[in-house]
Structure formats: C-alpha cells, structure tokens
Amino acid sequence: MKIVIAPDSFKGSLTALEVAERIQIGFQRVFPDAHFTSLPLSDGGEGFVESLLHAAAQVEYRSAQVSDPLGRPIEVKYALIDGHTAVLDLARASGLILLKPEERDPLSASTYGTGQLIRAAISQGATQVFLGLGGSATNDGGSGLLQALGFELLDAAGKGIGYGGGSLAKLSRIRAPQVPEEVLNTQFILATDVTNPLLGDQGATAVFGPQKGASGQVLADLEAGMTNWEKAVTDFTGKALGQVAGTGAAGGTAYGVLSFLNTRIVSGLDFLLDFIEFEKIVEGADLVITGEGRMDGQSRFGKVPVGVARRVKQRSGVPVIAINGSIEGENSWVYEEGLDAVFSSVQSVTRLETALENAGENLVIAAERAARALVVLAKDKA
C-alpha cells in the first residue's frame, strides 16, 4: 500500500514536515507495512523555502547579516540550488515572527533586510531568486527591498525618505544610478498564496494591515502612502501594475519587485507542485493525505488541501483526505473540490493555546482515527 502525505504547516504549532511525520505515526499504527512518502508543502506563505528545498538536490546553505523589520541586525540563512538559484523566505528577514506583538509597527517596518539578503545571494553567484512572500511584518510596497538593491527614493528636497510604510507619503521622485547590473539581470520568481492587488478594499493595507498592527488612522495613512508610492513608481517606470493580481502580497512587496525588476509572480503551491513533479510522486498511490492548520472558507483559494486534491483528481481517482488542525464553518464545498473526507485533530472544546501545545499529539490520534475508519470502509466493500 502506497500512501503519500502532502500537508501544509499548522501555523503556530507544527511545520509541514512535522505534520507529515505525525500523520505517518498515526497511520503506521494501523498500516504498519505501508510505504509512506512525505511531501511537506506550502502555498507560498510560511515554510515555502523549506518545502522547496526538501525536494531539491545540490543545496548549499549560506547566511548573511541583515536588518530585521525594525533595523536591528540579525543573521539569516538562505539556500543556493545548483550554485545559481537562491531560495529565500521574506519572513526570515522581514517577518512578523521576528517581532513581539507590541513591536508590530507597519509605519516603521521595512523590507530592507530582504533586499540585503538578495544582494548577498547575488554576490555569491545567484542569477535567479525564488522568494516566498508569506508572513511579512511590512507594508512598505517593497520600497525597503529596492532601497537595499540601490534604488534611491527621495523627498521634494532631494533627501532620502527613510524606511517603512510611513515614509512613502514623503516620496517625490525615484532615481536608480547605483543599481548593479547583476541585480537588473537577475530573474525573480515571487511565490505567493494571495491574489490581492496593491490598493483598495482588497489591497495590501486594507486586508493585511490589521494583522501587522495597523488600525484606524494608521491604516488610512498607510493607504495614502501606498497610493503615493504607486504614482511615483508609475511615473518612473511607465508601467501601471497596481491592480495586477498578487501585487498586494507581503505588504505590496510583490508590486515593488514586479515594477522594477525581471519578475514573475506565481501561485506558490502550483509552482512547488510543478517543481517537485507531484504527479510522478503520486503515481500508483492508494491514498493521498493532506491538511492545514485551519480549514475554512479561504481554503479553496490557493491553499494546500484543495490544491492537492485538484491535482490528484485531474489525473486519477485516488482517494484524498485532509487531516486539519480545525475545521471552521460549513464545509460541504470541500467534496466538490476533490476531497473525499476531512478530519479535525482538535479533541474537544479548548483554549487556542492548549490546542497549539497539544497539536502534535492530537494529530497522531486523529490520523490513527482516520486510518481505522478506512479499515472499516475496506471491510464493508469486501
């Protein structure tokens, strides 16, 4: 019996690899002789880099000292595949995970450190950069990243505007005399799990600003700054890209990179499934197991369980089940998307902190329960 385990992470508790390991433990209690293949996945958010590297060969790990979202020095790792493709996770240098809740400040937080990381990778020979955009603490439109790459953002007096989303309202003009040729020649692939544009009710600020610490007047100020950023960028590049799907990712970082550099925005999950040749891996499988931390109404839009189910059902009739941390709301739609059954690993009504602490143990129990249900079904068919 061949079982492929291809889950996303359970945010705040388990990495995708840890989720796969615990599902396997539960299933092995029921199917000890089965052959298991683990594929930790990501939709372009948290864990994208780890998922990509799990399937890659010829990986070298490097590190560089860069700035965190608030300008403090940190050491950040990145990877080189085959010596010329850099794989970076924006969250490692510019992410919410680097800040305490009381430190969240999108007016000041900058992507400058991610730009420094890109410069470091290019200096080591990278000619292509894969950048996972999930989990940012920033709302600066990618301006900090571009400043680190050599672009000059100036106010009306010709002085640098500084860093962070709060500085964009001061922007008057852009110059690029110090951008190295190797930066301009680098191919950027931005992996994201969102399709939001830069501005408006569905834009970077309105949708993602609150989780980064913005509310009320701060949101209004950030949106005004982002609007000014779009105008200045359009004047400089001659390209109006603010409504392109996905440009709102990572506080508008996708917009900044797409506007100035040789860039392609891709669905993180689709890109990853293509990269690992997912269809070849699941060929001959008897069961595919996927899952995510919380299955809700957003799960059908680019998230791992639905993406996996769609891919499997396009090619075969292999059963696909999802074992999730929790399931929110009415979910009959999942069966229309190719999932055959969904399970929750939460054992009872409990506090969120308790559920996160016990996530690993509960997942093993839920996996065993799902496996035993499959045994009963097989007996009924027999």
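Figures for the structure shown
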item: Vicinal HN-Hα couplings computed from phi for the range 211-226 (Karplus, 6.51 cos²θ - 1.76 cosθ + 1.60; Hz; Gly/Pro x); result: 6, 9, x, 9, 7, x, 5, 4, 4, 5, 5, 5, 5, 5, x, 5
item: Estimated FRET transfer efficiency when R0 is 25 angstrom, pair N262-T195 (beta carbons, to 0.05); result: 0.70
item: Estimated FRET transfer efficiency (A156, A240; beta-carbon r; R0 25 Å; 0.05); result: 0.65
item: Residue pairs, from the table K170/K231; K11/K313; K11/K212; K2/K280, whose Cα atoms sit over 18 Å apart; result: K11/K313
item: Contour minus Cα-Cα distance for W333 and E103 (0.36 nm per residue); result: 78.9 nm
item: With eigenvalues of the C-alpha gyration tensor scaled by 5 and rooted, the range 48-269, Å; result: 25, 19, 16
item: Ordering of 164-171, 16-23, 105-112 by packing [mean C-beta count within 10 Å, highest first]; result: 105-112, 16-23, 164-171
item: With Cα atoms, 0 to 90° folded angle of helix 112-123 axis to the chain main axis; result: 80
item: Stokes-Einstein diffusion coefficient of the range 190-300, Kirkwood radius over Cα pairs, 25 °C, 0.890 mPa s, in µm²/s; result: 154
item: Contour minus Cα-Cα distance for E182 and E353 (0.36 nm per residue); result: 56.9 nm
item: The chain: angle of helix 249-260 to the longest principal axis, Cα-based, in degrees nearest 10; result: 50
item: Among L154, S42, G144 the positive-end extreme of the charge dipole of the chain (Cβ point charges); result: L154
item: Solution diffusion estimate, µm²/s, Stokes-Einstein, the range 1-99, Kirkwood Rh from C-alpha pairs, 25 °C, viscosity 0.890 mPa s; result: 161
item: Gain on full stretching of the segment that runs from R372 to S215 - 0.36 nm per residue minus C-alpha separation; result: 51.8 nm
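Taken together, the values in this text are just the output of simple stated rules run on the coordinates, not laboratory data. Model, not experiment: these values are computed from the prediction. Cβ: placed from backbone, ideal geometry, glycine included. Neighbour counts: every protein chain shown.
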